[in-house]
Structure formats: structure tokens, C-alpha cells
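Here's the structure we're looking at; comments come further down.
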Amino acid sequence: MAPVRTFAREHLAVDVLAAARLLLGCLIVADRPDGQVVVRLVELEAYRGSDDPAAHSYRGRTARNAVMFGPPGHLYVYFVYGLHFCANISCLPDGEPGAVLVRALEPLEGLALMEARRGTTRLRDLARGPGRLCHALDVDLTLDGIDLLRDRRLWLAARAVPQAGRTGGQPIGRSRRIGITKAADRLLRFYEKRNPFVSGPKWLSS
């Protein structure tokens, strides 16, 4: 069955924790000039700007982080360490800063295209980690701010509404976020337990 657009804006106009749980197990479709790929969201981190020192929006709105302030359902892309891009999905009601960082994806369709972009045939590493997945989907700053509910280049889809506590039948794990120093003890990383495409140390993803 082909992916279909099933999200409404209000589905993502919720707190970052609820948005992360909702998005786990859903699909992203990337229609880029060289072809289409379909992937499944298997790991996310929540960032609530109003009370989260690790969030880009914590110190207020700027030209760089404006997408985090809404409306929900838009793509926030930033360049990190001068090396790679990271992709986030805005949530919370319009005007309230919040986003969910996409940390890992399960490749479903367009594997050859992702392999060519990434320069590897190792399936597990095609979209495991924020930088790798942006490379696999051909995401860069030109997509910053696009509407994931309406745009044709990159969009959200879902085959079914995830059940509470599970995504597609997989139990949800929760841990502290990876690679940050501020608010590092908060349990704001959500992932599918035992999914081989999840990133991070193995002891964090069992």
C-alpha cells in the first residue's frame, strides 16, 4: 500500500513528548530530483524550548530557529559541527517553541538511491544517526521551513494511528538524549526497542 498523507496540523500541535510518541513508526516520503525514498521513524528526541536549555529556541526566537516556534508540522534543518545537517519536526501550538529531532530511520524503499548517496551498502547504517539520515534523504538547508503536511519534496505519512505505548506493534523505549551536556539527564529520547536501525550505544537501546 502506497503511503498516504494522514496528518492534520492539530495532531502535532501538542507537547513534544506526545508528538514524539505519535511520530514513532510513521513514515517519511522524500521525493527528490534523483528519485523517491520511503523511511520509517524509529528514534526521536524531544526539545521543548521554553524550559529546555538544550533546545535551540531556549534563549528566544532568531532567524535561525524561527521554525521551532511554529506552526507545527514544519521541517527545521540546521548545520552542525560544519559537517552535517540535522532534521527536526516542529510541534506545539503556533508560537510555542518545540521540535522533535529525527535520530534514526528504517529504510523501506529506494535503497539503491540511499546507498548511492551514502556511499555504502550497509543497510543498518544508511539512516542511523541525524547526519546520516539527512544525507540519505538529501536534506539540506534548502528544505528548512517546508511544510511536511503539504510539501511534495518531503512529507509525513502514516499507515495507521500508532497504539498507545507501541508503534506498529513494537514497544517504545525511553532514555536520556544523546550527545548533549545541558539538561542531559532528562528522559526525552524515544525509540523502538530492539529495532536494529536505532542509533546510540547498545545499552541505551535495549
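The values are calculated or read from the model by the stated rules, or taken from the named source; none is laboratory data. Note that the structure is a prediction, hence the values are computed from the model and not measured. Quick reminder, even Gly has a Cβ in these numbers, built from the backbone with ideal geometry, and neighbours come from all protein chains shown. Areas reflect the complete protein model, heavy atoms only, side chains present, ligands, DNA and RNA absent. Shrake-Rupley method; radii C 1.70, N 1.55, O 1.52, S 1.80 Å.
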* Asked: Out of the stretch 4-30, which residues are in contact with a strand residue (DSSP E or B) (Cβ under 7 Å, 6 or more places away or on another chain), open to solvent by 60 Å² or more (accessible area, probe 1.4 Å) and assigned to a helix (DSSP H, G or I)?
  -> Arg21
* Given (1) under 17 Å from Ala183 (Cβ atoms); (2) modelled with pLDDT of 95 or more, index of the condition Met68 fails -> (2)
* **Cys134 open to solvent by less than 20 Å² (accessible area, probe 1.4 Å), more than 17 Å from Leu27 (Cβ to Cβ) and at pLDDT 95 or above** => no
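Do we have any residue at all in the stretch 111-121 that's within 13 Å of the chain's Cα centre (by Cα) and modelled with pLDDT of 95 or more?
Going residue by residue through the stretch 111-121, those that are within 13 Å of the chain's Cα centre (by Cα) are none.
Within the stretch 111-121, none of the residues are within 13 Å of the chain's Cα centre (by Cα) and modelled with pLDDT of 95 or more.
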* Between residues in the stretch 104-120 that are at negative phi and residues that are assigned to a helix (DSSP H, G or I), which pairs lie under 6 Å by C-beta distance while being six or more apart or on different chains? -> Leu105/Leu133; Pro107/Met114; Met114/Ala136; Arg117/His135; Arg117/Ala136; Arg118/His135; Arg118/Ala136
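Whether any residue in the stretch 107-118 is part of a strand (DSSP E or B) and under 18 Å from Phe190 (Cβ atoms) is what I want to check.
Of the stretch 107-118, the ones part of a strand (DSSP E or B) are 107-109.
Now restrict to residues that are under 18 Å from Phe190 (Cβ atoms): none.
Checked the stretch 107-118: no residue is part of a strand (DSSP E or B) and under 18 Å from Phe190 (Cβ atoms).
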* Is it true that Thr142 is open to solvent by 40 Å² or more (accessible area, probe 1.4 Å), at pLDDT 95 or above, of a type in the set (Val, Ile, Thr) and outside any loop (DSSP other than H, G, I, E, B)? -> yes
